[in-house]
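A short worksheet on the structure shown next.
The values are calculated or read from the model by the stated rules, or taken from the named source; none is laboratory data. What you see is a predicted model, and the numbers here were worked out from it, not measured in a lab. A quick note on method: Cβ atoms are made from the backbone with ideal geometry, for glycine too, and the neighbour counts reach across all protein chains shown. Heads up: the accessible areas ignore ligands, DNA and RNA and are worked out on the full protein's heavy atoms, side chains in. Shrake-Rupley method; radii C 1.70, N 1.55, O 1.52, S 1.80 Å.
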Amino acid sequence: MADPGFGVWADVVGQDSAVAQFRRSTSPQGSLAQAWLITGPPGSGRSTAARAFAATLQCETGTGCGQCRACRTVLANTHPDVTVVATDKLSIAKEEVRGLVMTAQRAPATGRHRVLIVEDADRMSAGTFNVLLKSIEEPPPSTVWMLCAPSAEDLAPTIRSRCRLVTLAVPSSEVVAELLRRRDGVEANLAVRSARAAQGHIGLALRYATQEGALAAREDSARTLLNLRGAGQAVLAAQGLVDRATAEAKEHADAVATEEKERFLRSAGIDDAKVPPSLRAQVRQLEEDAKRRQTRLVRDVLDRYLLDAHSVLRDVLSHQLGTGSELVNVEVAGEIEQAAAGAAAKTTLGLLEAIQVARDRISGNVPPLLAIEALLSRIAVSLH
């Protein structure tokens, strides 16, 4: 079996089978597909795996050594023949994909392959998939596409049927904690706590480990969830949660928007912030992008909360069923035990399903406050 700790694969943790598949395809005995679909749950390392694979394809030794100039520039996102597209907005625009398709037709400038990585490929619309299809079907000999998505079903059948599928697993808390210690220098106990709280989500584990107060805020949210009493408290808690999510999203979106606008003005040679009429449409587009980015971020923050709530109720259910499995939320073990005693396992199962319904509603454009209010109200009256 391939050693995932080798070279560019060092940070692709808990994915031995997928790494072996990637590396086998680049070996002399392997067969390199020109279109790949890399799937796995959020935080499993889809984009990290794609970059490592791209580095292996460009590696001067052909092994993904991690030391040569090609490997280093791919991992640093500066290699001229590797294009990475990611979005923090609601969708990837057709115009952006058309640009990718044009790039895919060009021969590599310095490397052996032209590689195009599309993170969040599930955020392309049906019409956008049609723009991409021809290039996926008949790419130039040196072009390799890598599409990343949570599941194969998130992409159009016409696209996924033309890709070689690699499915990533949820990495264990142990390997995530070890990654935080080795790569990021996180103290051992904090790494373990952060990895356990993140439930295999590597990016979230890093956030818990490095952002001051993040773990404490998660613990407070879990305690608040388990101590809700009545619909009134639930409504207030929902409003507070949505307000915090909106503030967090706005702060990030505003910072990105300011940076993008300043970059645009510099590129246009404008240093007094007075935008001429001919460029005002571009500035308005930047402002619209900022609004869409904020909408996406609000949903992401709320989804993170709902996943945390799911882990809390799963701990409650585990206690009710007497599974003996280790709690994810050990800091609120007392409250979990109390909630488990106050409701039946069947009730808790219903609440776990309600959390998924709330996630689906928010992703389907139901006003977040309504979805969160309905969920928390049900939890408040069911656990006591």
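Taking 0.36 nm per residue of sequence separation and subtracting the Cα-Cα distance, how much length would be gained by fully extending the chain between Arg106 and Ser325, in nm to one decimal?
Difference between extended and current length: 73.5 nm.
From largest accessible area down, sort Glu335, Glu138, Glu212, Glu96; use a 1.4 Å probe on the protein chains.
Descending accessible area places them as Glu212, Glu138, Glu96, Glu335.
Sequence gap at least 6, Cα distance under 8 Å: using those rules, report the relative contact order of the chain to the nearest whole percent.
16 percent
If packing is taken as the average count of other Cβ atoms within 10 Å, what order do 306-312, 97-103, 257-263 fall into, highest mean first?
306-312, 97-103, 257-263
What figure in square angstrom, to the nearest 10, would you give for the accessible area of Thr210 with a 1.4 Å probe?
Probe radius 1.4 Å; accessible area of Thr210 about 90 Å².
May I ask you to list the lysines whose Cα is less than 16 Å away from that of Lys94, ignoring any residue fewer than eight positions away on the same chain?
Lys134
Where in the chain are the DSSP H helices whose C-alpha atoms run 24 Å or more along the long axis and whose mean Kyte hydropathy is at least -0.5?
Taking the DSSP H segments of the chain (at least 24 Å long, mean hydropathy at least -0.5), we get 230-267, 345-363.
How big is the equivalent ellipsoid of region 263-368 along its three axes, where each semi-axis is √(5λ) from the Cα gyration tensor, reported in whole Å from largest to smallest?
So the equivalent ellipsoid measures 49, 15, 8 Å along its semi-axes.
What number does region 98-171 give for Rg over Rh if you use C-alpha atoms and the Kirkwood radius?
With Rg and the Kirkwood Rh in hand, the quotient comes to 0.97.
What is the spin-label model distance, in nm, from Arg266 to Thr158 if the labels are put 7 Å beyond Cα along the C-beta direction?
Label at Arg266, label at Thr158, 4.1 nm between them.
For Glu95 and Leu349, what does the FRET efficiency come to when R0 = 41 Å and r is the distance between their Cβ atoms, rounded to the nearest 0.05?
FRET efficiency, Glu95 to Leu349: 0.35.
Starting from one equal scatterer on each C-alpha and no solvent at all, send me the Debye-based log10 I(q)/I(0) for region 1-67 at q = 0.12, 0.23 Å⁻¹, two decimals.
The Cα Debye sum returns log10 ratios of -0.26, -1.01.
Be a star and scan region 301-345 for residues whose amide nitrogen sits under 20 Å from the point 7 Å along the Cα-to-Cβ vector of Gln239.
The answer is 302.
Cα-based Rg (one decimal) and Dmax (whole number) for the chain, in Å?
23.0, 68
From the C-alpha gyration tensor of region 147-204, pull out the three semi-axes of the equivalent ellipsoid (sqrt of 5λ each), sorted largest to smallest, in whole Å.
They are 32, 10, 8 Å, listed largest first.
Give me the accessible area per residue for the chain, probe 1.4 Å, as a whole number in Å².
48 Å²
As a test of reading the structure, rank Glu219, Glu119 by solvent-accessible area (1.4 Å probe, protein chains only), most first.
Of Glu219, Glu119, the descending order of accessible area is Glu219, Glu119.
Counting only Cα atoms, I'd like the Rg/Rh figure for region 309-379, Kirkwood definition for Rh.
My calculation puts Rg/Rh at 1.02.
Considering the alpha-carbon set of region 206-314 alone, what are its Rg and its Dmax in angstrom?
19.1, 58
In what order, largest first, do Tyr208, Tyr305 sit by accessible area if the probe radius is 1.4 Å?
Of Tyr208, Tyr305, the descending order of accessible area is Tyr305, Tyr208.
State the extension gain, in nm to one decimal, for the chain segment bounded by Ala217 and Ala169, taking 0.36 nm per residue of separation less the distance between their alpha-carbons.
14.5 nm
Quick check: convex hull of the Cα atoms in region 1-144, volume per residue, rounded to a whole Å³?
Cα convex hull per residue, to the nearest whole number: 110 Å³.
Could you count how many Lys pairs in region 236-384 have their Cα atoms under 28 Å apart, skipping same-chain pairs fewer than 8 positions apart?
So the count works out to 6.
Between Arg280 and Ala188, how high is the FRET efficiency from 1/(1 + (r/R0)^6) when r is the Cβ-Cβ distance and R₀ = 45 Å? Nearest 0.05.
In this case the efficiency is close to 0.25.
Among residues other than Ser142 whose Cβ falls under 14 Å from its Cβ, what is the net charge (Lys/Arg +1, Asp/Glu -1)?
+1
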